[in-house]
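One structure is given below, encoded as structure tokens.
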Amino acid sequence: MPLNRVQFLWLATLFEGGLVVIALALGHWLSIDPFESLKLDHVATMIGLLGCLPLYGLFLVSEHLSATKDIRELLIERLGGLLAACSLQELIYLGFLAGTTEEILFRGLLQPLLERDWGSFGGLIFSNLLFALLHWITPTYALLAGLSGLYLGLSLDIGGERNLLTPLLIHALYDLLAFIAVAGAYRARLRAGPH
């Protein structure tokens, strides 16, 4: 039985919220505060707001590439109806929920943890291999997610001082824009009718 909008929102909240619980529990056990580098800062905010533009630009370009056609179709098929049923406020919530919780786990906890033993480069690479695995829908999707994760991991240190706010905003805004685009593509197909 397919999920309805309310079930989808609850499931997303439980899954994504669970990532923060995992980050906090592992952080406590490993003596790492996943929120340590999260600072409200106008430079990090501006970089985060502007930093989503290259990722979203790649998303828009990928809509026209044959290599990513299967991913696009899969997203529209699996998520399009659920996202199209959501209000703009709910899409904002989902975008910020996913972007925030994933960044707390991957850039707030895992990247600093892996940097302990593997250095900055190793922490960046290995945390994003895990990020790619979590996003394994297809091999191409995982590759794109891993490359996006590298971009997010590098953004953690842009601006002179490590700040989790930068990748958090980039990721949340990107997810919001991508969700709006997938919902829009689904609605456009409904309007066009069967081919």
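The values are calculated or read from the model by the stated rules, or taken from the named source; none is laboratory data. Just so we're clear, the structure is a prediction, and the values are computed from it rather than from any experiment. So basically every Cβ, Gly included, is an ideal-geometry build from the backbone, and we count neighbours across all protein chains shown.
Miscellaneous remarks
- Residue within region 149-169 that is buried (at least 23 other Cβ atoms within 10 Å of the Cβ), in contact (Cβ under 8 Å) with a residue 40 or more places away in the chain and more than 17 Å from Leu38 (Cα to Cα) present: yes
- Filter result for Asn163 (farther than 20 Å from Gly17 by Cβ, part of a helix (DSSP H, G or I) and not hydrophobic (A, V, I, L, M, F, W, C)): no
- In the set Gly57, Gly27, only one residue is crowded, with 20+ Cβ neighbours inside 10 Å and among the small types (Gly, Ala, Ser); that residue is Gly27.
- Looking only at residues in region 76-117 that are of a type in the set (Ser, Thr, Tyr) and in a helix (DSSP H, G or I), the one that is nearest to Lys39 (Cα to Cα) is Thr100.
- Residue match in region 53-75 (condition: part of a helix (DSSP H, G or I), at negative phi and touching a Lys or Arg at 6+ places or on another chain (Cβ under 9 Å)): yes
- Subset of region 131-160 that is in a helix (DSSP H, G or I) and of a type in the set (Gly, Ala, Ser) - its residue that is nearest to Ile47 (Cα to Cα): Ser155
- Only listed residue being closer than 29 Å to Ala188 by Cα, among the hydrophobic types (A, V, I, L, M, F, W, C) and at pLDDT below 95, chosen from Leu88, Leu94, Leu143, Leu83: Leu143
- Any hit, region 40-48, residues being under 22 Å from Leu164 (Cα atoms) and exposed (fewer than 13 other Cβ atoms within 10 Å of the Cβ): yes
- Of all residues in region 83-129 being aliphatic (A, V, I, L, M) and in contact with a Pro (Cβ under 6 Å, 6 or more places away or on another chain), the one that is surrounded by the most Cβ atoms within 10 Å (Cβ to Cβ): Leu109
- Every condition in (1) within 30 Å of Gly122 (Cβ to Cβ); (2) part of a helix (DSSP H, G or I); (3) not small (Gly, Ala, Ser) is met by Asp33 except one, and the failing one is (2).
- Any hit, region 5-14, residues being among the small types (Gly, Ala, Ser), in contact (Cβ under 8 Å) with a residue 40 or more places away in the chain and over 18 Å from Leu168 (Cβ atoms): no
- So Arg72, is it surrounded by fewer than 19 Cβ atoms within 10 Å (Cβ to Cβ), among the charged types (D, E, K, R), in contact (Cβ under 8 Å) with a residue 12 or more places away in the chain and within 20 Å of Gly149 (Cα to Cα): yes
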